[in-house]
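What follows is calculated from the coordinates using simple rules that are stated; it is not laboratory data. Treat the numbers as computed from the prediction; the structure is a model and nothing was measured. Heads up, the Cβs are rebuilt from the backbone with ideal geometry, glycines too, and the neighbour counts pull from every protein chain shown.
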Amino acid sequence: MDILGLTFRQVVEAIGPRPHQVRALRAAYRELVNGRPLASHDADPGLQTPKTDRLEAGPTRGWPLRADILPVVRTHQDGELTKFVQRTHDGLETESVVVPMERYGRSWKTLCVSSQVGCARGCTFCETAQLGLLRNLTPGEIDGQVTAARRAFGRDVRNIVFMGMGEPFDNFDNVMQAIDVLTDRSGLSFSAASIAVSTVGRIQGIRRLAALGRRRLNVAVSLNAPNDEIRSRIMPISRTDPMPALRDALLDYPLRKCQFFMIEYVLIPGVNDAREHAVELAEFLRPVKCVVNVIPYNPRRDSPWPAPSEKSVVNFMTWLQDAGQMCKRRLTKGRDHMAACGQLGNRAIARIDRARDGSGEPMGVPSLAQP
Ligand code: SF4
């Protein structure tokens with residue numbers, strides 16, 4: 001049983017241990033989801049065989065447990081930032097990025113995870129969009145990125161952001177199950193407040209998350225334009241989920257008192273970086289409790305736009321602040337190795353996948369129908 005996508009309660013339900021075994025089972029579960037080899041003391045206390053036999057005979061005292069951590073096939077180091085690639089069992093790849101953080105003398109690592117291989121959303125500035133959607137990742141494949149990162153980079157991988165490949169709300173159920181596993185006190189024990197889900201602006205997904213009542217989770221929205229006219233040129237989602245309706249969904253969302261939305265704004269030269277864009281954006285966001293995260297555009301392969309100049313980034317932030325909108329800037333890291341924001345995705349994988357199924361086409365947008 002691959003436990004990476006299961007909470008401890010689900011493992012217990014599946015295995016049905018005797019009451020006196022639950023504590024040992026919990027210890028084994030915690031070790032495995034954290035990517036650590038089982039300690040010998042975790043071997044079945046009820047099994048009277050030598051240690052080596054126990055471990056060879058079956059992992060974890062006859063319990064069919066294993067953590068199926070996908071192999072890391074490539075890593076790319078760019079300064080302090082590391083991108084790592086895992087190979088799935090069907091020959092595709094997930095990409096994740098470890099970003100060291102530091103504030104107020106404390107340091108930790110943030111892990112940017114993927115929720116899909118590729119993406120169906122077609123944002124024109126994004127490398128991942130060039131793949132199309134190859135498939136959704138399972139909860140185990142999502143959490144396996146965290147387990148692999150903790151094993152390779154240490155337990156100070158403490159924040160998780162769903163900002164890698166894919167639109168998390170297009171894979172809603174698997175992402176929520178993965179978050180249940182991440183926050184399971186018997187396992188990985190992440191605080192929900194240290195997890196952020198970033199959406200392209202799927203209104204139905206935001207409303208569905210609101211209905212689930214997971215109020216400690218952080219929500220980021222990739223907006224990138226001050227109005228639908230500009231947004232629909234770079235983000236096709238704007239045609240089905242227009243900005244006024246998106247704002248209504250944000251206003252209806254049950255934010256906690258000290259919580260705010262992160263509004264991501266990829267600054268693209270000549271597209272959305274003028275003074276009037278900053279003023280219009282601030283006006284649009286005025287009723288929303290939010291901070292704008294200005295992200296200097298990281299050119300994808302064959303990009304029609306360059307990266308913005310330093311001056312245009314500073315100007316845009318000044319205009320936003322003058323218009324009364326709180327904002328901050330995402331530092332540019334990883335651009336050289338296609339590990340920065342919007343640069344994930346290996347096009348060769350997409351070609352292989354399409355040749356394999358003979359379709360020549362990426363998958364369509366999955367439905368977000370309520371169960
Ligand atoms: S920006 Fe996000 S939603 Fe848009 S294509 Fe890229 S991965 Fe998908």
Quiz item: Distance in nm between label sites at Ser309 and Asn34, each 7 Å beyond Cα in the beta-carbon direction?
Solution: 5.1
Quiz item: Residues with beta-carbon under 14 Å from that of Ala149, excluding Ala149: net charge, scoring Lys, Arg +1 and Asp, Glu -1?
Solution: +3
Quiz prompt | the stretch 59-172 - percent relative contact order, Cα under 8 Å, separation 6 or more | solution = 25
Quiz item: What order do you get for 148-155, 161-168 when each peptide is scored by the mean count of other beta carbon atoms within 10 Å, highest first?
Solution: 161-168, 148-155
Quiz prompt | Charge sum, other residues only, whose C-beta stays under 15 Å from Thr7's C-beta, Lys/Arg counted +1 and Asp/Glu -1 | solution = -1
Quiz item: So if we plug the beta-carbon distance of Arg103 and Arg18 into 1/(1 + (r/R0)^6) with R0 = 35 Å, what FRET efficiency do we get, rounded to 0.05?
Solution: 0.15
Quiz prompt | Exposure proxy ranking, count of Cβ atoms within 10 Å, fewest first, for Leu255, Leu134 | solution = Leu255, Leu134
Quiz item: Can you pull the Rg over Rh of the stretch 72-357, Cα-only, Kirkwood?
Solution: 0.94
Quiz item: Taking the Cβ-Cβ separation of Arg87 and Lys257 as r and a Förster radius of 51 Å, what is the calculated FRET efficiency to the nearest 0.05?
Solution: 0.70
Quiz item: What's the exposure ranking of Val271, Val266, going from fewest to most Cβ atoms within 10 Å?
Solution: Val271, Val266
Practice problem: For the stretch 251-332, calculate the relative contact order in percent as a whole number, restricting contacts to Cα pairs under 8 Å that are 6 or more residues apart. | Solution: 37
Exercise. Would you give the gap between the C-alpha center of the stretch 139-173 and the C-alpha center of the stretch 237-288, rounded to a whole Å?
Key: 26
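Taking neighbour Cβ counts within 10 Å as the exposure measure, how do Lys83, Lys257, Lys328, Lys311 sort from fewest upward?
Placing the least packed residue first, the sequence is Lys257, Lys311, Lys328, Lys83.
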Practice problem: For the stretch 170-266, just say rounded, prolate or oblate: build the C-alpha gyration tensor, square-root its eigenvalues into a ≥ b ≥ c, call rounded for a/c under 1.5, and beyond that prolate if a/b exceeds b/c, oblate if not. | Solution: prolate
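Which of the residue pairs Lys257/Lys311; Lys257/Lys328; Lys109/Lys289 have a Cα-Cα distance greater than 30 Å in the structure shown?
Too far apart for the 30 Å limit: Lys257/Lys311.
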Quiz item: Hey, got the dipole for the stretch 72-357? About the Cα centre, +1 on K and R Cβ, -1 on D and E Cβ, debye to the nearest 20?
Solution: 640
